[in-house]
Amino acid sequence: MSNEQTAIKATYFSIVGNICLAIIKGLAGFFGNSYALIADAIESTTDIFSSFLVLFGIKYSNRPADENHPYGHGRAEPLITFLVVGFLITSATIIAYESINNIGTPHELPKSWTLFILGAIIIWKEYSFRLVMRRSKETNSSSLKADAWHHRSDAITSVAAFLGISIALILGKGYESADDWAALFASGFILYNSYLIFRPALGEIMDENLNDDLIDEIRKVSFQVEGIIDTEKCFIRKAGMQYHVDLHAIVNANISVKEGHDLAHKLKDTLRQEIPELGHVLIHVEPNNQLEIL
C-alpha cells in the first residue's frame, strides 16, 4: 500500500468515527443534561469537516508533477493543515462561549449514565489518535498529523467532561456547572494543541530546517557510493509526503565531466532507493581540491 493509500484509508477511518461519535455525544448530552457532552459533540462535528479537508489535501498534494508544478503539488498539504487548525480554533471558541454562558445558567445535574458513554469515547478516541498518528509518521503527512491531534483533542475534552460530570454528581446540588467549567478548560487545551499543529506546518511552508536526522541519513548513504569522497551543503524542503534535496557531493578533481555526471546520477539513484520518501534530488559536484571555505 502506497503512502497516499495509507493516508486516505486513515482519513476515511477518522470521518466515519467522527460522524458516529458526533451523533452519540449530541444525543447523550441532550438527554443526559450534559453541556460538556454537547460541547464535545460540537468539536466532533467540526472534526468531520476538517477530516474531509484532510482527505482533499492528501489527494490533491499527491497529484503528479506537471508543467506548471514541476515539484508536484505537495505544498497544498500544509495549506490544508492551516485550514484544519482554523477548524480547531473555531470549535474551541464555540465551546468556550457556550461554556461561559451555561456556567451562569441554572440547569439540572447531568445523568450518571453519561459517564459510561464518556469512558467508551475516551478509549476509542485515544486509540484513534494513536492509529492516525502512526499513519502520519509512516507517510510524512502533516495534515494527517493534524487530523490525529483532532482525535487527541477530542479525547481531552471527553476526559474534562468525565471529570466535570463526576464532580457534579459527587458533590450534588450547587455544582451543576462543574461540567461547564470542564468544557471551558478543554477549549483552552484545544487552542494550545492548535499551535502545536500550526508551528511545523508553517515551518514546512517557510522551508525551515527541521530535518537534521534526515540530513545525517543522506550523508551516511552518500558515503556508501564509490567515488563520493565527502558531502558539503545539504538543503531539504518538505512538500507533502516527500522531501526535496539539494546536495553538494565532493569527488576527485581529476575525473572527467562525464564521470562526474555519471557519479552524480549514481548518488541520486542510490539516495532515492535507500530513502523512499525523497522526491527531487539535485546533486552539485564539487572537486576535492577546490573546496569553498565557508
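The values are calculated or read from the model by the stated rules, or taken from the named source; none is laboratory data. Keep in mind it's a predicted model, so treat the numbers as computed, not measured. Please note: Cβ atoms are built from the backbone with ideal geometry, for glycine as well, and neighbour counts cover all protein chains shown. For the accessible areas, the whole protein counts, side chains as well, though only heavy atoms, and no ligand, DNA or RNA atoms are used. Shrake-Rupley method; radii C 1.70, N 1.55, O 1.52, S 1.80 Å.
Against the condition surrounded by 17 or more Cβ atoms within 10 Å (Cβ to Cβ), over 26 Å from residue 111 (Cβ atoms), at pLDDT 80 or above and touching a strand residue (DSSP E or B) at 6+ places or on another chain (Cβ under 9 Å), how does residue 72 come out, does it pass?
Against the criterion (surrounded by 17 or more Cβ atoms within 10 Å (Cβ to Cβ), over 26 Å from residue 111 (Cβ atoms), at pLDDT 80 or above and touching a strand residue (DSSP E or B) at 6+ places or on another chain (Cβ under 9 Å)), residue 72 qualifies.
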Return the pair list, or none, for Cβ contacts closer than 9 Å from residues in region 100-112 that are within 20 Å of residue 170 (Cα to Cα) to residues that are at pLDDT 75 or above and surrounded by fewer than 16 Cβ atoms within 10 Å (Cβ to Cβ), at least 6 apart or on different chains. 109/172; 109/173; 109/175; 111/31
Would a scan of region 31-43 turn up a residue that is free of Cβ contacts under 8 Å to residues at least 40 places away in the same chain, closer than 19 Å to residue 185 by Cα and under 25 Å from the mean Cα position of the chain (by Cα)? yes
Within region 250-277, restricting to residues that are free of Cβ contacts under 8 Å to residues at least 40 places away in the same chain and within 24 Å of residue 65 (Cβ to Cβ), the one that is farthest from the chain's Cα centre (by Cα) is 261
Which one is farthest from residue 144 (Cα to Cα) among residues in region 158-180 that are open to solvent by 20 Å² or more (accessible area, probe 1.4 Å) and in a helix (DSSP H, G or I)? 171
Looking across region 83-130 at residues that are among the hydroxyl-bearing types (Ser, Thr, Tyr) and assigned to a helix (DSSP H, G or I), the single one that is surrounded by the most Cβ atoms within 10 Å (Cβ to Cβ) is 91
Would you please list the contacts, defined by Cβ atoms under 8 Å and residues six or more apart or on different chains, that run from a residue in region 199-217 that is without any contact (Cβ under 8 Å) to a residue 12 or more places away in the chain to a residue that is not in a loop (DSSP other than H, G, I, E, B)? 208/202
